[in-house]
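Single-structure report; data block below.
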Amino acid sequence: MRILLVEDDHMLGAATQQALRDATHAVDWVLDGEAALQAVRCEPYEALLLDLGLPRRDGLGVLQALRRGGYNLPVIIVTARDGVDDRIRGLDLGADDYLVKPFEIGELLARLRAVARRKGGQAQATLGNGVLSLDPATRMASHGGATVRLSAREYSLLHALLLRPGAVLSRDELEGLIYGWNEEVESNAVEYLIHSVRKKLGADAIRNVRGVGWVVERQPDTAGEAP
Ligand code: CA
């Protein structure tokens, strides 16, 4: 997942960014509220991890501005242990979840998986479209009888597509979802990832729409057919 981390404490920010990167996420880190708003307007983040006590604009102000601006990306607010009023206010302003400092990285990762699932409209732990499934906790993917572990980048690619079944994503859109700032991206990196996922799961796992991009099919809907 491509994540924006907003944290003005240098030690905590650096440690959190490294831990999220170790868990295969693409993470950009900013240190104040105005920089956070600017970044969300420019990049396709899939989640925002938002400290509340921030210079230039506090976290609740950032959250309010984003929701008023129509940005509906998942937001997890990070609050002090005694910050129950902030947590209530944050949830009422549209935060999806919260974490209390100091938090365990394992809990943060589980909450990120949960908010991503809910935004994708899926309650189950495994993402899927009926023929293809992906377990975010283990990076194991299944398709047509094959079950394999994906590399970090392969996982990010398939995760981005499976959160939007039926939507054709271009190379630029996929790059934006897979890579963070300061990451070297080879010009054919997305094509290479598509190729390696197909090699593991079968060529028909991801469909190419010539000149446009790539798509995983929406689950066939058999329940809502007209009589
Ligand atoms: Ca702070």
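The values are calculated or read from the model by the stated rules, or taken from the named source; none is laboratory data. Just so it is clear, the model here is predicted, and its values are computed rather than measured. Heads up, the Cβs are rebuilt from the backbone with ideal geometry, glycines too, and the neighbour counts pull from every protein chain shown. Accessible surface is based on the protein model in full, side chains and every heavy atom, while ligands, DNA and RNA are left aside. Shrake-Rupley method; radii C 1.70, N 1.55, O 1.52, S 1.80 Å.
Counting only DSSP beta bridges with both residues in the chain, the antiparallel share comes to about 45 percent. Around the Cα centre of the chain, unit charges on the Cβ atoms of Lys, Arg, Asp and Glu (plus for the first two, minus for the last two) sum to a dipole of about 680 debye. Quick one: go through region 1-23 and flag any residue whose amide nitrogen is under 19 Å from the point 7 Å out along the Cα-to-Cβ line of residue 149. 1, 20-23, by backbone N distance to the label point. Each Lys and Arg adds +1 at its Cβ and each Asp and Glu adds -1 at its Cβ; summed about the Cα centre, region 2-119 shows a dipole of about 480 debye. Distance from the C-alpha centroid of region 43-81 to that of region 153-174: 24 Å, rounded to the whole angstrom. Computed across region 109-214, the Kirkwood radius stands at 14.2 Å (inverse of mean 1/r, all Cα pairs).
Surface composition of the chain: carbon plus sulfur atoms hold 49% of the accessible area, using a 1.4 angstrom probe and ignoring ligands, DNA and RNA. Residues in the chain average 50 Å² of solvent-accessible surface per residue, probe 1.4 Å, ligands and nucleic acids excluded. Summing +1 for each Lys or Arg and -1 for each Asp or Glu among the other residues whose beta-carbon sits under 13 angstrom from that of residue 183 gives -2. With both labels modelled 7 Å from their Cα along Cα-to-Cβ, the residue 104 to residue 168 distance reads 4.6 nm.
Note on the chain: dipole from Cβ charges, positive end direction compared against 112, 90, 20; the farthest Cα belongs to 112. Once Rg and the Kirkwood radius are both taken over the C-alpha atoms of the chain, their ratio Rg/Rh works out to 0.99. Per-residue SASA remark: residue 200, around 70 Å² accessible (1.4 Å probe; ligands, DNA and RNA not included). Cross-link partners of residue 200 among aspartates and glutamates, defined as those whose alpha carbon lies under 14 angstrom from its own and excluding same-chain residues fewer than eight positions apart: 154. Listed values for region 42-56 are Karplus-derived 3J(HN,Hα) couplings in whole Hz (6.51 cos²θ - 1.76 cosθ + 1.60, θ = phi - 60°), namely 9, 10, x, 5, 9, 6, 10, 9, 10, 5, 9, x, 9, x, 6, and x replaces Gly and Pro.
Helix content alone sets the calculated 222 nm mean residue ellipticity of the chain: runs of n ≥ 4 DSSP H residues at -39500 (n - 2.57) each, divided across all residues, give -12000 deg cm²/dmol.
Counting only lysines at least 8 places from residue 119 when in the same chain, those with an alpha carbon closer than 25 Å to its own are 101.
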